[in-house]
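Novice: Structure in structure tokens, see below.
The values are calculated or read from the model by the stated rules, or taken from the named source; none is laboratory data. All figures in this text were calculated on a predicted structure; none of them were measured in a lab. Every residue, glycine among them, receives a Cβ derived from its backbone with ideal geometry; neighbour counts consider all protein chains shown. Heads up: the accessible areas ignore ligands, DNA and RNA and are worked out on the full protein's heavy atoms, side chains in. Shrake-Rupley method; radii C 1.70, N 1.55, O 1.52, S 1.80 Å.
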Amino acid sequence: MQKFALIGDNISKSLSPALFKAAYPELDSAYELIDCNSAADAFNQFISGGYCGANVTSPYKQQFMDYCAIHD
């Protein structure tokens, strides 16, 4: 099973998991919330949780650029 997430702070009421399931009902996947007080904690949870991908929302969009890499 693939795992995806929404990363942010104070996102417990987000509709993203329900929207993901509605858009991709045929996928054997999970879409979870990574709701943390810091970008570093959220990134560590993402890495240790074995996620395939994530959407990043406020207030961490800019901070997460530090964790991105471009590969040719």
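Novice: Those residues that are part of a loop (DSSP other than H, G, I, E, B), closer than 18 Å to SER12 by Cα and in contact (Cβ under 8 Å) with a residue 40 or more places away in the chain, I need them from segment 51-65; list them, please. Walk me through it before giving the result.
Specialist: Quick first cut of segment 51-65, residues part of a loop (DSSP other than H, G, I, E, B) only: 51-52, 57-62.
From what is left, the residues that are closer than 18 Å to SER12 by Cα are 57-61.
If the condition is that a residue be part of a loop (DSSP other than H, G, I, E, B), closer than 18 Å to SER12 by Cα and in contact (Cβ under 8 Å) with a residue 40 or more places away in the chain, then THR57, SER58, PRO59, TYR60 are the ones that fit.
Novice: Looking only at residues that are outside any strand (DSSP E or B) and among the charged types (D, E, K, R) in segment 1-50, which one is surrounded by the most Cβ atoms within 10 Å (Cβ to Cβ)? Break it down into steps so the answer makes sense when it comes.
Specialist: Filtering segment 1-50 down to residues outside any strand (DSSP E or B) leaves 1, 9-28, 36-50.
Checking the rest, the ones that are also among the charged types (D, E, K, R) come to 9, 13, 21, 26, 28, 41.
Numbers: ASP9: 16, LYS13: 6, LYS21: 13, GLU26: 5, ASP28: 7, ASP41: 13.
In this case the residue turns out to be ASP9.
Novice: Where residues in segment 52-72 are among the polar types (S, T, N, Q) and open to solvent by 70 Å² or more (accessible area, probe 1.4 Å), which of them is nearest to LEU27 (Cα to Cα)?
Specialist: Of the residues in segment 52-72, the ones among the polar types (S, T, N, Q) are 55, 57-58, 62-63.
If we keep only those that are open to solvent by 70 Å² or more (accessible area, probe 1.4 Å) as well, we get 55, 58, 62-63.
Working: ASN55: 17, SER58: 27, GLN62: 30, GLN63: 30 Å.
This residue is ASN55.
Novice: Provide a single number: the residues in segment 50-72 that are within 9 Å of the chain's Cα centre (by Cα) and aromatic (Phe, Trp, Tyr).
Specialist: Residues that pass the stated criteria total 1.
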